[in-house]
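These notes are about the structure you will find just below.
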Amino acid sequence: MTGGTREGIDLTRVLHAPQQRVFAAWTSPEDFAAWYGGEADVLLDRVAMDVRPGGAWSLVIVMPGVEMPFGGVYREVSEPDGLVLTLKDASAPKDAEGEILTVTFSDLGDGTTELAFQQRGGHLTPEQYAAAEDGWEAFFDALAARLATHP
């Protein structure tokens, strides 16, 4: 971050699960609902995933007194190596594409996988990117916990 501007988010995590399992955690509604949202509830009946280029995804995070819908479109699906998808929330203009997420899963051997995450788009303020980064960190903590309990 230079000059008070910020263009996105870059995070890397090493997960104790095979590459195919990490890919499945991003593309299976049951898994995705379990970790996306961190501590918040994501009800499985409010998750839709059409995992193919051009296919849509959506979910609703439910917290006391508020529902937060998220969704987007899969641009690239490269099983088990990664995904490129768009992301927008209810505050995004209807015609906006949203942020672009690039997630790469690299097999490190010994049943571990490196998750490299990038969010770009320039649609958020520096403060919003900072908050979103904190959110993704919590989500990835929940993802690691999900993989540990559901190998």
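The values are calculated or read from the model by the stated rules, or taken from the named source; none is laboratory data. Source: prediction; values computed, not measured. Don't worry about glycine lacking a Cβ; one is built from the backbone with ideal geometry, like all the others, and counts go over all protein chains shown. Accessible surface areas use protein heavy atoms only, side chains included; no ligands, DNA or RNA. Shrake-Rupley method; radii C 1.70, N 1.55, O 1.52, S 1.80 Å.
Structural remarks
- Take the chain with all the other protein chains still there, run a 1.4 Å probe, and you get 52 Å² of accessible area per residue.
- Helix-only CD estimate at 222 nm, as mean residue ellipticity for the chain, using -39500 (n - 2.57) per DSSP H run (n ≥ 4): -8500 deg cm²/dmol
- Rel. contact order, % - alpha carbon contacts under 8 angstrom, at least six apart, the chain: 31 percent
- Net dipole in debye of the chain [+1 Lys, Arg Cβ; -1 Asp, Glu Cβ; about Cα centre; nearest 20]: 220 debye
- Taking the chain as a Gaussian network of alpha-carbon nodes connected by springs under 10 Å, the highest mean-square fluctuation of the residues ALA131, ALA17, ALA34 belongs to ALA131.
- In sequence order, the stretch 144-151 has phi-based couplings of 4, 5, 4, 5, 6, 9, 9, x Hz under the Karplus curve 6.51 cos²θ - 1.76 cosθ + 1.60, θ = phi - 60°, and Gly or Pro positions carry x.
- Per-residue HN-Hα couplings for the stretch 79-90 [Karplus 6.51, -1.76, 1.60; θ = phi - 60°; Hz; x = Gly/Pro]: 6, x, 7, x, 9, 10, 8, 9, 9, 8, 10, 5
- Using equal-weight Cα scatterers in the Debye expression, the normalised intensity of the stretch 53-123 in log10 at q = 0.23 Å⁻¹ is -1.02.
- Between the amide H of ARG75 and those of GLY54, VAL84, LEU85, THR86, distances stay under 5 Å, these residues lying 5 or more places away or on another chain, with hydrogens modeled in the peptide plane.
- Sequence-ordered 3J(HN,Hα) estimates for the stretch 21-28 from the Karplus curve with 6.51, -1.76 and 1.60 and θ = phi - 60° stand at 5, 5, 4, 4, 5, 8, 10, 9 Hz, glycine and proline given as x.
- Carbon/sulfur fraction of accessible area - the chain, other protein chains in place, 1.4 Å, %: 53 percent
- Cα-based Rg / Dmax (Å) for the chain: 14.9, 44
- Radius 13 Å from Cβ of LEU44, net charge of other residues (Lys, Arg +1; Asp, Glu -1): -3
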